[in-house]
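Participant: This is the structure, below, for whatever I ask next.
Since every read-out is calculated from the coordinates, none of them should be taken as a lab result. Please read all numbers here as calculations on a predicted model, not as lab measurements. Note that each Cβ is placed from the backbone with ideal geometry, even for glycine, and that neighbours are counted across all protein chains shown.
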There are 2 protein chains.
Amino acid sequence: MPVPRAAAAGRRGGIPEATVARLPVYLRVLTALAESETPTVSSEALAAAAGVGSAKLRKDLSHLGSYGTRGVGYDVEYLVYQISRALGLTQHYRVVIVGVGNLGHALANYAGFGTRGFEIAALVDADPRRAGDRIGGLDINPLDDLERIVKENEVSIGVIATPAAAAQDVCDRLVACGVTSVLNFAPTVLSVPDTVDVRKVDLSIELQILAFHEQRKSSGVSAEPGAAVPDAVRATGVSA
Amino acid sequence: MPVPRAAAAGRRGGIPEATVARLPVYLRVLTALAESETPTVSSEALAAAAGVGSAKLRKDLSHLGSYGTRGVGYDVEYLVYQISRALGLTQHYRVVIVGVGNLGHALANYAGFGTRGFEIAALVDADPRRAGDRIGGLDINPLDDLERIVKENEVSIGVIATPAAAAQDVCDRLVACGVTSVLNFAPTVLSVPDTVDVRKVDLSIELQILAFHEQRKSSGVSAEPGAAVPDAVRATGVSA
DNA sequence: GAGTGTGAATAGTTTCACAGCG
DNA sequence: CGCTGTGAAACTATTCACACTC
């Protein structure tokens with residue numbers, strides 16, 4: 001079924017999404033190993049520390065290139081560098097956090113933020129009473145200054161930690177002044193042009209997913225009895 | 001076509017993970033619709049509001065049963081009920097939050113927590129100076145009381161918001177006293193028996209994933225032949 | 001006519017298993 | 001030998017397109 005459609009495998013940029021999502025985990029483990037001066041790791045050991053299977057790990061790394069040594073494993077330092085590079089962490093990204101409530105506060109203080117390639121350019125909040133306060137060494141700016149801040153600092157990533165009702169508006173403003181990646185903590189679906197990437201982090205969704213599995217454990221796993229309605233409807237086609 | 005081998009003919013609990021992860025989004029949109037007293041929605045409208053394609057939405061809902069009406073759409077109230085039930089939200093879950101730093105503080109105040117089937121049974125922190133403080137109407141308990149609290153309240157979900165160094169230990173203790181679902185905010189891979197579900201929420205991983213895509217935008221995206229970088233989008237849907 | 005529900009086609013991901021290098 | 005790198009197989013998920021119901 002030809003019509004190969006050039007999957008761009010192997011070529012630059014052809015790293016599968018699922019792999020990209022795991023690279024940061026490997027990177028974290030490798031960084032810890034580097035600090036304890038471990039020179040090399042096997043796929044087996046690295047995979048165990050990252051909580052994945054070794055075959056998956058090797059396949060993931062194979063998308064970056066051939067950086068292991070057969071019979072030995074991977075050089076820790078070198079692999080740290082290669083993964084950082086693949087993720088684009090050799091560049092610098094400036095971030096603006098909008099909304100300095102409890103969550104924004106937590107984010108502003110989050111140490112891992114500054115560590116690798118990310119820099120908080122500014123904190124912004126709609127509440128004028130908060131403007132001028134400092135958190136983690138950073139001033140809080142009024143929302144009106146958002147556009148100026150983004151442009152002056154060449155911010156490329158916006159973090160939205162506002163209430164749900166404000167999120168789309170803030171997002172539109174960020175996008176309008178050139179932000180191309182958004183991390184959304186507000187419980188809303190944001191709509192953006194498809195040149196912009198949005199990732200969402202949503203506590204209540206995570207809890208609900210856990211609830212689903214939790215429920216399944218407590219009720220006999222065999223069937224799904226449902227509450228009051230006979231739901232066995234599963235009309236799986238007519239199966240002839 | 002290779003031999004199919006004995007596939008999942010049995011169809012057990014049968015809702016795909018990917019679907020489970022989206023149901024909470026649909027539920028949120030539907031809840032909003034219910035509040036604005038909209039009686040029915042089409043898959044098209046609901047999908048748009050949830051940010052997915054309509055075919056995907058219909059397929060997702062079809063795993064719960066046949067709850068739509070052809071030519072009309074879905075009854076909002078009824079669908080809210082069916083999704084809630086499928087997710088196990090008709091049951092009640094008690095949650096303990098361990099670690100009341102900035103993030104734990106934010107979580108404790110998170111309104112969405114109490115809303116649907118979840119109840120924060122207790123807050124726990126290792127710092128004895130914090131014990132006795134109250135946040136959002138809840139006392140902070142010393143870490144030593146963790147086991148007692150979990151058992152007395154029949155906690156089934158543990159939320160870990162401690163520093164990375166403490167996370168595995170806290171997790172082990174939670175698991176030892178019967179917690180079967182864990183939501184981990186600490187930047188570590190937790191290891192648990194496979195009877196326990198862990199979901200992780202990790203800010204720096206999300207940022208790194210965004211960085212990857214960001215990098216790809218700024219460097220000439222050489223690998224993509226057909227799709228240029230049409231930027232008419234720059235001006236769309238914004239103003240404000 | 002409008003819009004759901006679903007087989008079939010396609011795309012993406014994980015797992016297997018082993019060839020081959022150090 | 002041990003361990004990486006990788007085709008091929010198995011599985012999971014998305015998209016298409018249309019029969020069928022209201």
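Participant: To the nearest 20 debye, what charge dipole does segment A:44-98 have about its Cα centre, counting +1 at the Cβ of each Lys and Arg and -1 at the Cβ of each Asp and Glu? Before the final figure, lay out the partial values.
Facilitator: Details: 6 positive and 4 negative charges, 37 e Å.
Dipole about the Cα centre, nearest 20: 180 debye.
Participant: Kindly list the residues of segment A:159-185 that lie in the label zone of residue B:35, defined by a backbone N under 17 Å from the point 7 Å along the Cα-to-C-beta vector.
Facilitator: Residues A:162-169 fall inside that zone.
Participant: What FRET efficiency do you get for residue B:153 and residue A:151 if R0 is 56 Å and r is their Cβ-Cβ distance, rounded to the nearest 0.05?
Facilitator: On the way: r = 51 Å, r/R0 = 0.91.
That pair, residue B:153 with residue A:151, gives E of 0.65.
Participant: If R₀ is 41 angstrom, what is the calculated FRET efficiency for the pair residue B:195 and residue A:165, using the beta carbon separation as r and rounding to 0.05?
Facilitator: On the way: r = 40 Å, r/R0 = 0.98.
Computed FRET efficiency for residue B:195 and residue A:165: 0.55.
Participant: Could you tally the net charge around residue B:167, taking each other residue with its Cβ under 15 Å from the Cβ of residue B:167, Lys/Arg +1 and Asp/Glu -1? Walk me through the numbers on the way to the answer.
Facilitator: On the way: positive: A:28, B:173, B:199, B:200; negative: B:125, B:169, B:172, B:202.
The answer is 0.
Participant: To continue, here is another question. May I ask for the net charge around residue A:76, where only other residues with Cβ less than 13 Å from the Cβ of residue A:76 are counted and Lys, Arg are +1 while Asp, Glu are -1? List each step's numbers first, then the result.
Facilitator: On the way: positive: A:28; negative: A:35, A:37, A:75, A:77.
Cβ neighbours under 13 Å give a net charge of -3.
Participant: Tell me whether segment A:178-222 comes out rounded, prolate or oblate; compute the Cα gyration tensor, take square roots of the eigenvalues as a ≥ b ≥ c, and use a/c under 1.5 as the rounded threshold.
Facilitator: Cα axes put segment A:178-222 in the prolate bin.
Participant: What average count of beta carbons from other chains do you get within 10 Å of the Cβ of residues in A:194-204? Before the final figure, lay out each step's value.
Facilitator: Details: counts 3, 8, 3, 7, 2, 6, 3, 6, 5, 10, 10.
Partner Cβ neighbours, averaged per residue: 6.
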